[in-house]
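Report on one structure; see the data block that follows.
The values are calculated or read from the model by the stated rules, or taken from the named source; none is laboratory data. Please read all numbers here as calculations on a predicted model, not as lab measurements. As a convention, Cβ positions derive from the backbone with ideal geometry for all residues, glycine included, and neighbour counts pool all protein chains shown. Heads up: the accessible areas ignore ligands, DNA and RNA and are worked out on the full protein's heavy atoms, side chains in. Shrake-Rupley method; radii C 1.70, N 1.55, O 1.52, S 1.80 Å.
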Amino acid sequence: MDGNGRWATKRFLPRLVGHQQGMSSLRRCIKACSERGVTVLTVFAFSSENWNRPAEEVSGLMDLLMVALSREVPELNKEGVRLHFVGERTGLSDKVLAGLAQAEAATASNTRLVLNVCFNYGGRWDIAQAASRLIAQGKIVTELALGAAMALAHVPDPDLIIRTGGEQRLSNFLLWQAAYAELYFSDKLWPEFDEAALDEALAAYTQRERRFGKTSAQVAAIGDATAK
Ligand code: IPE
Ligand code: MG
């Protein structure tokens, strides 16, 4: 969800207003995904590197998270959205930790859409914490075991990764899980990423041929590249 700051700056508004607008955009996106039959949505809300931003912006983002949690959970419940917070817990305040746990518990029985909010998250952090856990348990670090020890093990790997804001990089998002994901880059700033923009991304995705290492002819013959 990139581009909140630029959206605000273009309008001579404080960056935090951009983040507030970004939150509305996320609400719209969750609803649109749910309506379109998407069952897992994973968003990058705060990266391990975002602590390096000015203190005022960091505390503003924490406050925004707390406000959103208290405001949005009833609506998410109505829409059948199950929340998971994915990321390092160390470094987050007790207040934030309690808020995350409460929101996860309050939405735990919902089944329509899993919403993973990556917060204090980094792809490298996830790989390292998964490997450390396996080693601590005396297990061998295989691809299968590592995948199962990752913070996102409760959902399948993503089919499509969308980055808004014009930048064409992953910036430490889902490094392990992105292995076979289709990448889509939108020049729209995140607050401007609306239903039409989402539909464009989904339409682009349907045009891609996913081969998972196979040939085009093989995929055409079996119909599904993930089949044996
Ligand atoms: C939002 O966009 C993503 C967060 C880190 C919360 P940015 O804050 O990175 O916006 P730009 O890139 O400065 O426009
Ligand atoms: Mg940015």
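Which pairs do you get when a residue that is farther than 17 Å from Pro191 by Cβ and assigned to a helix (DSSP H, G or I), found in the range 43-54, comes within reach of a residue that is more than 10 Å from ligand 2 (Cβ to nearest atom) and open to solvent by less than 40 Å² (accessible area, probe 1.4 Å), reach meaning Cβ atoms under 6 angstrom, with the pair 6+ apart or on two chains?
Ser48/Gly122
Kindly provide the set of residues from the range 186-201 that are open to solvent by 70 Å² or more (accessible area, probe 1.4 Å) and free of Cβ contacts under 8 Å to residues at least 60 places away in the same chain, ordered by number.
Once the filter is applied, which keeps residues that are open to solvent by 70 Å² or more (accessible area, probe 1.4 Å) and free of Cβ contacts under 8 Å to residues at least 60 places away in the same chain, the range 186-201 yields Asp187, Glu200.
Only one of Gly165, Gly138, Gly213 is part of a loop (DSSP other than H, G, I, E, B) and within 16 Å of ligand 2 (Cβ to nearest atom); which?
Values: Gly138 fails: within 16 Å of ligand 2 (Cβ to nearest atom); Gly213 fails: within 16 Å of ligand 2 (Cβ to nearest atom).
It is Gly165.
Which numbered condition in (1) modelled with pLDDT of 95 or more; (2) out of contact with any strand residue (DSSP E or B) (no Cβ under 7 Å at 6 or more places or on another chain) is the only one that Val155 fails?
Condition (2) is where Val155 drops out.
Any idea which of (1) near ligand 1 (Cβ under 7 Å from one of its atoms); (2) under 18 Å from the mean Cα position of the chain (by Cα); (3) assigned to a helix (DSSP H, G or I) is the one Arg6 doesn't satisfy?
Every listed condition holds for Arg6 apart from (2).
Name every residue in the range 9-25 that is open to solvent by 30 Å² or more (accessible area, probe 1.4 Å) and near ligand 1 (Cβ under 8 Å from one of its atoms), in order of residue number.
At the first step, the residues of the range 9-25 found to be open to solvent by 30 Å² or more (accessible area, probe 1.4 Å) are 9-17, 20-21, 23-24.
Listed by number, the residues that qualify are Thr9, Arg15.
Can you tell me how many residues within the range 202-228 are touching a helix residue (DSSP H, G or I) at 6+ places or on another chain (Cβ under 9 Å), more than 22 Å from Leu41 (Cβ to Cβ) and of a type outside the set (A, V, I, L, M, F, W, C)?
So the answer is 5.
Looking at (1) open to solvent by 40 Å² or more (accessible area, probe 1.4 Å); (2) within 14 Å of ligand 2 (Cβ to nearest atom), which one does Asn4 not meet, given that it meets all the others?
(1)
Please go through the range 72-94 and pick out each residue that is without any contact (Cβ under 8 Å) to a residue 40 or more places away in the chain and surrounded by fewer than 12 Cβ atoms within 10 Å (Cβ to Cβ).
Pro74, Lys78, Thr90, Ser93, Asp94
Here is a check on your reading of the model: is Pro158 assigned by TED's automatic domain parsing to the domain that holds Val73, within 16 Å of ligand 1 (Cβ to nearest atom) and open to solvent by less than 70 Å² (accessible area, probe 1.4 Å)? Lay out the reasoning, then the answer.
Values: assigned by TED's automatic domain parsing to the domain that holds Val73: yes; within 16 Å of ligand 1 (Cβ to nearest atom): no; open to solvent by less than 70 Å² (accessible area, probe 1.4 Å): yes.
When the stated conditions are applied, Pro158 does not pass them.
In this structure, does Ser47 turn out to be open to solvent by less than 40 Å² (accessible area, probe 1.4 Å) and closer than 19 Å to Ser25 by Cα? Quick ask: steps written out before the conclusion?
Details: open to solvent by less than 40 Å² (accessible area, probe 1.4 Å): yes; closer than 19 Å to Ser25 by Cα: yes.
Considered against the rule, which asks whether it is open to solvent by less than 40 Å² (accessible area, probe 1.4 Å) and closer than 19 Å to Ser25 by Cα, Ser47 comes out as yes.
Please go through the range 7-29 and give me each residue that is within 15 Å of ligand 2 (Cβ to nearest atom) and of a type in the set (Phe, Trp, Tyr), ordered by number.
Trp7
How many residues does the range 95-125 hold that are assigned to a helix (DSSP H, G or I), loosely packed, with under 13 Cβ neighbours inside 10 Å and in contact (Cβ under 8 Å) with a residue 12 or more places away in the chain?
Total satisfying the criteria: 2.
State whether one or more residues within the range 177-184 are within 16 Å of ligand 2 (Cβ to nearest atom) and either touching a residue at least 60 places away in the same chain (Cβ under 8 Å) or open to solvent by less than 30 Å² (accessible area, probe 1.4 Å) (or both).
Step one: list which residues in the range 177-184 are within 16 Å of ligand 2 (Cβ to nearest atom), which gives none.
The answer is no; no qualifying residue exists.
Could you tell me which numbered condition Ala32 fails, if it satisfies all but one of (1) more than 16 Å from ligand 2 (Cβ to nearest atom); (2) over 16 Å from Glu79 (Cα atoms); (3) small (Gly, Ala, Ser)?
Going through (1) more than 16 Å from ligand 2 (Cβ to nearest atom); (2) over 16 Å from Glu79 (Cα atoms); (3) small (Gly, Ala, Ser) one by one, Ala32 breaks only (2).
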